[in-house]
Amino acid sequence: MSDIESIPSTDQAFLEDFHEVATIGATDAGGVDRQAATPEDAQSRKWFTGWARTRGWEVRVDGIGNQYACTEFVPNAPYVLVGSHLDSQPLGGRFDGAYGVIAALHAAQRVRQAVAEGARKPAYNLAVVNWFNEEGGRFAPSIMGSSVYAGLFDREEMLRARDLDGISVAEALTAIGQLGTDAPPEAAGYAEIHIEQGRILEREARDIGVVESSWYTQKLDIDVLGEQSHTGATAMADRHDALVAAAKVVLRVHAVTESFEEEAMVSSVGQHVVEPNSPIVVPRRVHMIADLRSSSPEIVREARAILLREIEEIAREHDITIDVSDFDIREKRYFPTDGVELAEKAAANEGLSSRRIETMAGHDSVAMNTVVPSVMLFVPSVDGVSHCEREFTTDEDMVRGVAVLTSVTGELVSGELPPEAPWAGKS
């Protein structure tokens, strides 16, 4: 962490806010645990509301729990939205998402001041957004709030989604007082800044990543159905152990990347539910989600086909049933060229180096880019680590990112990336 006493007061204020929010849900190892609609998430949302209202911003909460801090420059005009998310993974990092929201608050406040001083003429209004359940750690699917906003997910269906304890999204949001009824601001454009969550910028010593496209994502819902029996009394030949078969599926999901060029795709199984999860019972069921991603949709589709064949073989070998269904498919999408160039100019004007980059991870910007021109920025991640407690980005890199985001936000508010302009937001 840098000595914030030696930097400009505006940057110092940003860093103080960032490090304050990092104490909400803080873990002993330096991360945070603020899963969606938990008491910790509620506390960070209260902080967001207080920050905005203290500075005269109107705060709205919509019917899926998205928070908006709004300011009006042009009556009846739509809004440029800028933001990210405050929820985290279990035992997650303190930078993922939260950096983007707090950077957005400060960038928006600087743009608002520039408008008030006559230094910038607005064509649109401005709103900072904290999207609900971007992480998807508690409720699936991820990127929920922004996808509902963009019309990609049905709000009522998402409100019925349940966590592993059987609590629905609607129940959880109601419990923390965040199931809102406010109308969300109409968007004219969107901007988001985020930590890279990879090591390309660090490896190449670049200050800013300008996202030009998102990877294709395919998730598989896998249900391994065996037979429950006694771990001591059942002969090995008579067992139909769902967990043993599931373990082989996990290994095949991991190994399928070897069928393609190095770094051409990534794959993982991140969640298991084992039933009945008793120490003296052979498992009868394992439910899990496999995640396949690549820049190339064809590679993901080929990997899926390989896995389906191998899973059939595992089911026959163990004389059990394995059901597989497609889940949460996200098309490869391109960000508007005008927005990419705008972001590159903003970085150059700050004296910063940049490079174009693809995002392997999903972000709210990917959902928003389906409905309005969107700009996505990255700052470096130390060692490329994310979704864990040792996730880290330096104060200096965060401050640089806020400066670029401020410039991009101001340009969007001034109408430099009009909604009617053609852009390759679709796959």
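We did not get these values from a lab; they are worked out from the coordinates using the rules stated. If you're wondering where the values come from, they're calculated on a predicted model, not measured in any experiment. Cβ: placed from backbone, ideal geometry, glycine included. Neighbour counts: every protein chain shown.
The distance separating the Cα centre of the range 40-59 from that of the range 194-259 comes to 37 Å. Considering helices alone, the calculated mean residue ellipticity of the chain at 222 nm is -10500 deg cm²/dmol, with DSSP H runs of length four and up weighted by -39500 (n - 2.57) and normalised per residue.
When Ile280, Ile306 are sorted by how many other C-beta atoms sit within 10 angstrom of their C-beta, beginning with the fewest, the order is Ile280, Ile306. For a straight C-alpha distance cut-off of 27 angstrom, the lysines reachable from Lys248 (same-chain residues fewer than eight places away being disregarded) are Lys219.
In the distance distribution for the range 216-330, Cα-Cα pairs more than 16 Å apart total 58 percent. By the combined test of axial Cα extent (at least 24 Å) and Kyte-Doolittle hydropathy (mean at least 0.0), the qualifying DSSP H helices of the chain come to 98-116, 395-413.
Of all DSSP-defined beta bridges confined to the chain, some 70% are antiparallel rather than parallel. Computed on the Cα atoms alone, the convex hull of the chain gives a volume of 142 cubic angstrom per residue.
Here the relative contact order of the range 56-119, from alpha carbon pairs under 8 Å that lie six or more residues apart, stands at 21 percent. Going by neighbour counts of Cβ atoms within 10 Å, the residues Ser147, Ser267 line up, fewest first, as Ser267, Ser147. As a proxy for reagent exposure, Phe132, Phe14 were ordered by neighbouring Cβ count within 10 angstrom, fewest first; the result is Phe14, Phe132. Excluding same-chain residues fewer than 8 positions from Lys121, which lysines have a Cα within less than 20 Å of its Cα? Within reach: Lys345.
A simple charge model with +1 on the Cβ of Lys and Arg, -1 on the Cβ of Asp and Glu and nothing else charged puts the dipole of the range 216-330 at about 220 debye relative to its Cα centre.
Residue ranges 217-227, 71-81, 177-187 sort as 217-227, 71-81, 177-187 when ordered by packing (mean number of other C-beta atoms within 10 Å per residue, highest first).
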